[in-house]
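If you scroll down you'll find the structure; I have some questions about it.
The values are calculated or read from the model by the stated rules, or taken from the named source; none is laboratory data. Predicted, not measured: the structure shown is a model, and the values here were computed from it. Cβ placement follows ideal geometry from the backbone for every residue including glycine, while neighbour counts extend to all protein chains displayed.
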Amino acid sequence: MERTVPTTETEEVELYTRTYYSLLRSSAEVKIRTLEEVHAGMNSLLHPRARDPASDMAAFFYSILRLPGCMPDVKRVVLGQDAAVFIKSGLGDVRNWEEVFSVARRRRCFFDGKDTLACFIASRSDIDDVIPLLTAYQIEWNKLHFRFRRLPAALQKGDFGSGLSDLTRLRDLLEIPEEDFERLHAIWDRDLAANLAHIARSQCDLKVHLLSGSLSEYRRARIAWWENIASARPDIVERPVYFVSSNVHSLANLLSGFAMQRERALVKYLDQPGYAGLRNEWADIQSGVTSGSRENFLYYLLRKAQQEQSGHALAREQHDFERQHGIARIPSKRSFDVEAQVIEIASLDLGLADPRVRLGPGVSKLASSNALILNIDYPLGLAAYNILAEISSNVGEVLGIYMMGKAATLNAVIGDVMISNVVHDEHSRNTYIFGNCFSAADVAPDLVFGTVLDNQKAVTVQGTFLQTADYMDVFYREGYTVIEMEAGPYLSAIFEMFRPTRHPVNEIVNLYGAPFDVGMIHYASDTPLGKGKNLGAGSLSYMGMDSTYAASLAVLRRILSQEIDRL
């Protein structure tokens, strides 16, 4: 069959990836400085002004939000697949270091308190993510540093104060647009002055070391991840399973009813300073002025409350409540950061569930179900293939596979929902066509603010930075409008679950006829052809909960209705 998709890489992107993979083969540390020119020459859609002496603040924001907050103190980044790899290298058990987090990327990272950051990686996709992030971060840090060097000596030493007038004067001297400076302030918050002083005093000169890039180490990491789940739920190897790749909050919230049970306590959080906007939104929902979902608002407020120091007890209370109602959370311990939830369908109290679940006749049959829902926090790139391959080899039977997550869109707006039945995968170079069990009718009734676009075509990219505007334009002209990172690897694993061979390469692959349910839903979180205005976004706001929960409701209803039919 004649192919109608473009070649999978531009020469510039191929040169970039080939360069850092060849350098990372070294047993010595690699200076990020050696990658700056080839990074800039790629003309990344996310870093279009890499060579420009003026700051590309959108690229800087994107990097800051996806790297841990300790980065101003980091000089060395070490990558490894699991704890044993770090121990073998002489670093010891890095899990005893301070665990550090980023706003917009899940990756287990630990900081030694001095200058070394250790990051757990799950697949080659993590390398394709981390290296461009570090390179963009260093390029933009140093642009600001060299601008400081043109300022008076006191400012070069970081002696500029932390008051509003001091920072406003500094912003003007650095020629940072007011909107960008406000966003930088929002990201760094109390650390703004300290981090700017760090930039003033020090040039960024990061080094990176890949401890092991072998497939066997990735395999060990995924086995360790699975063994952690199997030890917590030994019966999972004998039970039928519905697999879901989504997040760790939406299904649990919809099924447990915890937020609705604690509505009065949650609404009290709105009395705090800084919650005026949310108070007004809640009042509008209560009075019917806005059509926003009451349940979604409570879910959002629950997350906000738990992120505060005083909300930690509330998180423990929620987890205890969920366990009593058939939902067990299993955090990752030895390897990469992909939390799992095992949901016992027969133990659910659907009388407490979100009223939008709307199950029809036969719901009482679920009390006799022996099936489990295995829900995981969606992984990055090729880790999706590794994880699903491991799960499918170990559970009793797979009854359905459902993929849900964020994606960039070339034809929609943020908050819209996209449903694809064609996926071009840059990893395998295959184009997969499959019967997506979801359509617009499954999502639209619960989507208040956005639009559902089904019959779409998606492309699974290797990394967010590894795209160019011209490259995306070629895909757009071929009808590919959804840009994401996991669908292709998942579909490669699905091929191997019912075909007798390993997935092919560079072919058109028909997955119709799979002996289990296959569903895929994405919600738009980025519009990359919008020239980066939203690329600094860390996480979706309350309005973003609309598309997340509309998609989650569709997945949940599908699973429970399929199980009723099976019973």
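Residue under question is GLY400, and the condition is that it be small (Gly, Ala, Ser) and touching a Pro at 6+ places or on another chain (Cβ under 7 Å); does it hold?
Taking the combined requirement at face value, the residue does not satisfy it.
So which of SER102, SER55, SER63 is of a type in the set (Ser, Thr, Tyr), at pLDDT 90 or above, under 28 Å from THR527 (Cα atoms) and not in a loop (DSSP other than H, G, I, E, B)?
Details: SER102 fails: not in a loop (DSSP other than H, G, I, E, B); SER55 fails: not in a loop (DSSP other than H, G, I, E, B).
Among SER102, SER55, SER63, only SER63 is of a type in the set (Ser, Thr, Tyr), at pLDDT 90 or above, under 28 Å from THR527 (Cα atoms) and not in a loop (DSSP other than H, G, I, E, B).
Identify, from the list PHE60, PHE101, the residue that is surrounded by fewer than 14 Cβ atoms within 10 Å (Cβ to Cβ) and either within 22 Å of ARG222 (Cα to Cα) or not assigned by TED's automatic domain parsing to the domain that holds SER332 (or both).
Of the residues listed, the single one that is surrounded by fewer than 14 Cβ atoms within 10 Å (Cβ to Cβ) and either within 22 Å of ARG222 (Cα to Cα) or not assigned by TED's automatic domain parsing to the domain that holds SER332 (or both) is PHE101.
Hey, among the residues in segment 545-567 that are among the β-branched types (Val, Ile, Thr) and within 26 Å of the chain's Cα centre (by Cα), which one's surrounded by the most Cβ atoms within 10 Å (Cβ to Cβ)?
If we filter segment 545-567 for residues that are among the β-branched types (Val, Ile, Thr), which is where we start, we get 548, 555, 559, 564.
Add one more test, that the residue is within 26 Å of the chain's Cα centre (by Cα), and what stays is 548, 555, 559.
Numbers: THR548: 24, VAL555: 29, ILE559: 24.
So the residue we want is VAL555.
Can you tell me which residue among ILE223, ILE236 is in the same structural domain as ILE327 (by TED's automatic domain parsing) and at pLDDT 95 or above?
Working: ILE223 fails: at pLDDT 95 or above.
Checking each option against the conditions leaves just ILE236.
Can I ask one more? Among the candidates ALA122, ALA118, ALA136, which residue alone is assigned to a strand (DSSP E or B), among the aliphatic types (A, V, I, L, M) and crowded, with 22+ Cβ neighbours inside 10 Å?
That would be ALA118, the only listed residue that is assigned to a strand (DSSP E or B), among the aliphatic types (A, V, I, L, M) and crowded, with 22+ Cβ neighbours inside 10 Å.
Moving to a separate point now. If you scan segment 392-429, which residues turn out to be crowded, with 24+ Cβ neighbours inside 10 Å and either under 16 Å from VAL244 (Cβ atoms) or out of contact with any helix residue (DSSP H, G or I) (no Cβ under 6 Å at 6 or more places or on another chain) (or both)?
Answer for segment 392-429, where residues must be crowded, with 24+ Cβ neighbours inside 10 Å and either under 16 Å from VAL244 (Cβ atoms) or out of contact with any helix residue (DSSP H, G or I) (no Cβ under 6 Å at 6 or more places or on another chain) (or both): ILE401, TYR402, MET403, MET404, ALA407, THR409, MET418, ILE419, SER420, HIS424.
Does LEU133 satisfy the criteria of being modelled with pLDDT of 95 or more, aliphatic (A, V, I, L, M) and either over 24 Å from LYS333 (Cα atoms) or assigned by TED's automatic domain parsing to the domain that holds ILE187 (or both)? Lay out the reasoning, then the answer.
Numbers: modelled with pLDDT of 95 or more: yes; aliphatic (A, V, I, L, M): yes; either over 24 Å from LYS333 (Cα atoms) or assigned by TED's automatic domain parsing to the domain that holds ILE187 (or both): yes.
So LEU133 fits the description; yes.
Next up: For segment 444-465, how many residues meet the condition of being closer than 24 Å to THR290 by Cα and in contact with a strand residue (DSSP E or B) (Cβ under 7 Å, 6 or more places away or on another chain)? Quick ask: steps written out before the conclusion?
Here is the first cut: in segment 444-465, the ones closer than 24 Å to THR290 by Cα are 444-453.
If we keep only those that are in contact with a strand residue (DSSP E or B) (Cβ under 7 Å, 6 or more places away or on another chain) as well, we get 444, 447, 450, 452-453.
So the count comes out to 5.
Starting from residues that are in contact with a helix residue (DSSP H, G or I) (Cβ under 6 Å, 6 or more places away or on another chain) and of a type in the set (A, V, I, L, M), keep the ones in segment 86-106 and report whichever is nearest to LEU46 (Cα to Cα).
Ranking the qualifying residues of segment 86-106, first place goes to ALA104.
Suppose we filter LEU366, LEU350, LEU359, LEU374 for residues that are assigned to a helix (DSSP H, G or I) and either closer than 15 Å to ARG558 by Cα or touching a residue at least 60 places away in the same chain (Cβ under 8 Å) (or both); which single one remains? Reasoning before the result, please.
Values: LEU350 fails: assigned to a helix (DSSP H, G or I); LEU359 fails: assigned to a helix (DSSP H, G or I); LEU374 fails: assigned to a helix (DSSP H, G or I).
Checking each option against the conditions leaves just LEU366.
Do you know which residues across segment 481-513 are hydroxyl-bearing (Ser, Thr, Tyr) and surrounded by fewer than 24 Cβ atoms within 10 Å (Cβ to Cβ)? Spell out the reasoning first.
If we filter segment 481-513 for residues that are hydroxyl-bearing (Ser, Thr, Tyr), which is where we start, we get 481, 490, 492, 501, 512.
Across segment 481-513, the qualifying residues are THR481, THR501, TYR512.
Right, here's the next one. Do you know which residues across segment 131-146 are closer than 11 Å to LEU174 by Cβ, touching a residue at least 60 places away in the same chain (Cβ under 8 Å) and touching a helix residue (DSSP H, G or I) at 6+ places or on another chain (Cβ under 6 Å)?
LEU144
Among helices (runs of 4 or more DSSP H) lying entirely in segment 225-303, which contain 3 or more residues that are farther than 21 Å from MET404 by Cα?
Values: elements: 250-256, 258-261, 263-268, 276-287.
The helices (runs of 4 or more DSSP H) meeting that bar are 258-261, 263-268, 276-287.
Next question, about the same structure. Could you figure out which of (1) more than 25 Å from the chain's Cα centre (by Cα); (2) in contact (Cβ under 8 Å) with a residue 60 or more places away in the chain isn't true of GLY213?
(1)
Of these, ARG169, ARG150, ARG183, which one is in a loop (DSSP other than H, G, I, E, B) and of a type in the set (D, E, K, R)? Spell out the reasoning first.
Values: ARG169 fails: in a loop (DSSP other than H, G, I, E, B); ARG183 fails: in a loop (DSSP other than H, G, I, E, B).
On inspection, the qualifying residue turns out to be ARG150.
Name the one entry in TYR480, TYR432, TYR512, TYR490 that is assigned to a helix (DSSP H, G or I) and of a type in the set (Phe, Trp, Tyr). If you could, list the steps in order and put the result at the bottom.
On the way: TYR480 fails: assigned to a helix (DSSP H, G or I); TYR432 fails: assigned to a helix (DSSP H, G or I); TYR512 fails: assigned to a helix (DSSP H, G or I).
Unique residue meeting the criteria: TYR490.
Is it the case that segment 405-426 has a residue that's outside any strand (DSSP E or B), of a type in the set (Ser, Thr, Tyr) and more than 19 Å from ASP129 (Cα to Cα)?
Residues of segment 405-426 outside any strand (DSSP E or B): 410-416, 426.
Restricting the remaining residues to those that are of a type in the set (Ser, Thr, Tyr) gives none.
No: segment 405-426 contains no residue that is outside any strand (DSSP E or B), of a type in the set (Ser, Thr, Tyr) and more than 19 Å from ASP129 (Cα to Cα).
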